Structure formats: structure tokens, C-alpha cells
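The values are calculated or read from the model by the stated rules, or taken from the named source; none is laboratory data. This is a predicted model, so every value here is computed, not measured. Cβ sites come from the backbone with ideal geometry, for glycine too, and all protein chains shown count toward neighbours. Ligands, DNA and RNA are stripped out before the accessible areas are found, and what is left, the full protein with its side chains, is counted by its heavy atoms. Shrake-Rupley method; radii C 1.70, N 1.55, O 1.52, S 1.80 Å.
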Amino acid sequence: MTGTTTTPPGADENVTHTPQPLLEIRGLSVSYRTRGGAVAAVRGVDLEVWPGQVTAVVGESGSGKSTTAHAITRLLPGNGGIDAGTVRFGRHDLATLSEAELRTVRGARIGLVPQDPTVSLNPVKRIGEQVAEVLRIHGLATRRSAPAEAIAVLDRAGLPDAAVRARQYPHELSGGMRQRALIAIAIAAKPELIIADEPTSALDVTVQRVILDHLQRLTEESGTAVLLVTHDLGVAADRAQRLVVMSQGKVVEAGPTRDILADPRDEYTRHLLASAPSLTTPRPRTAVPAPKTDTAPLVEARNLVKEFRLPRTGDGPRTLRAVDDVSFTLHRGRTLALVGESGSGKSTTARLVLRLADATAGHVLFDGTDVTTARGTRARELRRRAQLVYQNPYASLDPRFSIGDVITEPLRAFKVGDRFSRLARARELLDRVALPAATLERRPAELSGGQRQRVAIARALALSPDLVVCDEPVSALDVSVQAQVLDLLAELQADTGVAYLFISHDLAVVRQIAHQVAVMRAGHVVETGPPEVLFTRPRHEYTRELLAAIPGGRVPSSAAEATTS
């Protein structure tokens, strides 16, 4: 099919291209060995990636997107293997190369941006050392020149204050900053192909735009090809020339992005488009009665300040004020969203509210009680009434536990119920987050990123808390499951009156879930208001910048019509 093609499908016919695709996959099948037997994850996938183009692979969590991406460079888990098919990259079939031959391709000619920065970065090495290591291994820098060149690569990847960040460890960076460090590692050797597995899932929209602009420049200036695995159809619509839709391990539709978005042929593709918050108007939110004006707020933050010490860098600053004079109130049955750039102080503010970090100054009141310095029994009472859904589900789930153990752990810790009632509660919660009961017997490593995130949400709800802090709770979810989880959170709020402190970089999601929005920048709250006002008539320039960066704006008008037809 491709041997006689001289122009990549969906490309500008006036631009000269290589007559062959850079990457050509034919009949790829991958399975995983489990205790219950072999599980087919990818079945007969055909896929092409052309030089100078972005090809996006979209689909639900567990559809085989990431497995396909990892099979290309044979970075599958130990229980995974390629059963059939070819992975042609230049003159090589990567499916049959020896490990020694693969090492000459990985990193130098094919760069990989993994989905999970916390697991992928070495926790005991500074960020700059990890980038410099790539440059040295591939002979692109000497031991003396590598540190300075690593800083330059981090700067190219959009990491602010690259010289300072290079001297920090992964745990000292926000989730978005860690993701940018991974992108720096992937682009350090200027590879011909970049496989980006959810490269912007942890990034706010402004930084997301910077990263995607950089990847786009690579494709335009040097002919670098990008295989973009994403659940964000807005990103795919904006950036990809070709779109591949996967479901249950198979490709159900593929072709030029504009054609698929304007006229999706497969029912599954139409379902994805209809679920995408970035491409549609906000869905109706479950109505929650307004709190009585004489009711005390559940959470009240008063003039919160949090400072961190920075590593020494000559005459640079010695401390970072991550949260600076932040105040807000949150009533029962309401959702307050904190939005802003990575590093703006959103997650740090949430940790102060939950007493997972000590405030430098200010006060936190929970149900009228000052918990700013709570210790012992008072802190334990707060833990039961306030739960957290972490941004990174893989790092927050014990890999030795079964999913049943993970979800029932809070119930055991607070001695709620017996073994049988706890398991019944776990099954109920799994059903509510759209996971089958059989998941109870599996372990976190056996689940996809989106499935792990749903488990984390189920665990946070186990104790029926008064407050749930949701730190990017749907960033790892595909759009259809994302819609289910947002509906679930709204239903639970209507039923129980739970309050949410919702942290997200996805303003389309925030528009659907929040009753009040606080926009943060550099530790300050720069603007607050209800989403219907703040997103249509923003007062602050930074809020307008965030709104302008929402992906999906380049989708043809016919695509939007297709989602509602």
C-alpha cells in the first residue's frame, strides 16, 4: 500500500516528502501473560508515521495505545511480548532486532516520552544529570560540556529557570515540570522519531502549548516525526495531520485528522467526539442547592503562605514563595477549582489545606476548627473527613497490594466494617467508577494509567468523606471515562453534600464541574468567580491567556457539528 505512495496522506501535496513512511507497522499483535492466561492487548494493528508529520493515536484507556507505542522500541513489561507483525523503521524491523542493535536506535534515533514522569525519572539523580547522561551516552557531549548543554535542552523543553531546576531532584518539581524534564530527555539527541505517550497530560494549557509548539517546530524544521499517544482529542485535532482511532486493541478508523473529525465513519469515533470536553459545549451539571448565607464554610483558608528553600546557584534567590497570601472559602456540596500554570501553587495550596505540609504563615479552618497546626488525634480526625485523589495514581498505589486491598485500606485503617462488608464496599465503588469487579484481584501494574486513576478515586471515596481534594483527578483518563467520572463526582456531591477542592489544568473540565474558580499564578490568586462568568468575561490578562490556549480551537466547524449530530 505504501510502496507506491509518494505523498503522505493528509499532507500538503506541494511539499516534497520521502516516498516511504519513516515508521511502518503491519499486523502487530501483542499479548500479556497473566495468572489467568494470555491477554491480547493489540490485535493486528497497521499504522504509518511519515517524516515531518504528527500522527496521533487516540482511544479509551486500555484500547492498546500505549502498548502499541512501547512495542515499537520493545519496552514492554516483562510479561508482555510481540506475537506477530513487523515494525519497520528505516531498513530495520524493530520487532526482530537484538537487544544490542536496539540500543543503537533507542534514544539516538527514536526518543520516548513516557506517560508517568514520577516512575520514569530516577529519584536519586538531579534533573540535569539525567539529561546530561543521554548526551554523554550518545557521544553528543563530553563530561565537562554535558551539564551546560543539559541546561540548554531543559530550556528548549520549556522548563522555567532551567539552571535552578537542573540542580533539583524529581520530587522537588511539580508534575508538569517533571513531564517537561522527560520531554527534554527525549529530544536531547535530536531523534528522527519521537514517541510521545500522553506527553501533555500533566501540563497546564499554556505550557502544553509551548511543548506542542516545540514538537511542531521539530517536525517542520528537521523533518522529525511524532507519534502522539493521547486521550485529549483537542490536542490531536490541533496538532496531528493523521489520526488513528483504537478500540479493544484494534484500529477502528484511520486517516487525515480533518476528515475523521468532520465525518467520523465508526460509531466508536463518534462516541469519543461526543464525550470530549475540549470539543463540545459544557454538559449540564447536576444541580446543587446554594449554601445558606448563614452557614459556616466547610473549609476556610486565610492568608496562606508557603516558602521552600532552593539549591544554591550563585546570586540566585534562596527561597521560593510557592503560595503567597492565598485566601478562599469552600462550602459543603460545592466545588472550588484551582487553575493555573504548573508551579503556580495549586497542589501546594491543597497540601496545606489537608495538613500534608506546614504553612509558613496563615490559617486553615476545617468545619470551624483551626487545623493549621493539628497533630495526633486532631490530625487523624481530619484524615478521615478529608481525602485526596493524587495527580499520579501509579506512585500513590502500593504495587504489592491487590486492587481490593488498595480500596479497602482506608476502611481497615479506621476499623470500619469487617472483611466482607469492606469487599462489598470495594465492589460498589469499582462499579461506580466503571471498572469490573474482577479488577479487585489485579495489581496496579496490570492496569492502564486511566484504570489506575479510577482506582485512586474509588479509594478516596471509601470513607464517604466531607471533603475530597482532587489533584488532576481526570488528567490520565480518556474522554469517555472522563465524562463518566465527572458525572460520578457530580452525582456523589448531589447525594452526599461532599465538597471538592478541584485542581486541574484542563479548563474545559473545570467549566463542567466547578461552581467557583480561583485562578492562580506565581503563588497568588489573580481572579475568582463562577465559571460561566470567568470563562466568558475574564478580567485578568493571565486568565485570558489560559483560555486562549485551550486545545481544540483549530477543529473544523463541521467536526463540532459531528459531535452533536
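In units of the rule-of-thumb radius 2.2 N^0.38 Å, segment 480-547 shows an alpha carbon radius of gyration of 1.19. When the convex hull of its Cα atoms is viewed from all sides, the chain shows a mean projected area of 26.7 nm². Dividing the mean sequence gap of close Cα pairs (under 8 Å, 6+ apart) by how many residues the chain holds gives a relative contact order of 16 percent. Please label the shape of segment 335-485 as rounded, prolate or oblate, based on the square roots a ≥ b ≥ c of the eigenvalues of the alpha-carbon gyration tensor (a/c under 1.5 means rounded; beyond that, a/b larger than b/c means prolate, else oblate). Oblate, since a/c reaches 1.5 and b/c is not below a/b.
As a length-normalised measure over Cα pairs under 8 Å and 6 or more apart, the relative contact order of segment 336-415 settles at 16 percent. Does segment 48-123 come out rounded, prolate or oblate, given a ≥ b ≥ c as the square roots of the eigenvalues of its C-alpha gyration tensor, rounded meaning a/c under 1.5 and, failing that, prolate meaning a/b above b/c? Rounded. I550 sits with roughly 50 Å² accessible to a 1.4 Å probe, with DNA, RNA and ligands left out of the calculation.
Considered as an equivalent ellipsoid built on the Cα gyration tensor, segment 16-142 has semi-axes of 25, 21, 15 Å, the largest given first. With all protein chains kept in place, the per residue accessible area of the chain amounts to 43 square angstrom at a probe of 1.4 angstrom.
Estimated from the Cβ-Cβ distance and a Förster radius of 60 angstrom, the FRET efficiency linking D83 and R321 is about 0.65.
R0 = 41 Å: FRET efficiency of D46 with T329, Cβ-based, nearest 0.05?
Plugging the Cβ-Cβ distance into 1/(1 + (r/R0)^6) gives 0.15.
Over the chain, what percent of the accessible surface lies on carbon and sulfur atoms, probe 1.4 Å? Exposed carbon and sulfur together represent 49 percent of the surface.
The length gained by stretching the chain between R412 and S222 to full extension, at 0.36 nm per residue less their Cα-Cα distance, is 62.8 nm.
Taking label points 7 Å from Cα along the Cα-to-Cβ direction, L310 and E441 give a separation of 5.3 nm.
Scattering from segment 296-375 was approximated by placing one identical point on each alpha carbon and applying the Debye formula without solvent; log10 I(q)/I(0) at 0.16, 0.27 1/Å stands at -0.61, -1.36.
Taking the C-alpha atoms only, the angle from helix 376-385 to the longest principal axis of the chain is near 60 degrees. Computed from label points 7 Å out along Cα-Cβ, the spacing between V210 and L547 is 2.3 nm. The phi-based Karplus calculation (6.51 cos²θ - 1.76 cosθ + 1.60; θ = phi - 60°) puts the 3J(HN,Hα) values of segment 132-140 at 4, 4, 4, 4, 6, 4, 9, x, 9 Hz, whole numbers, x for Gly and Pro.
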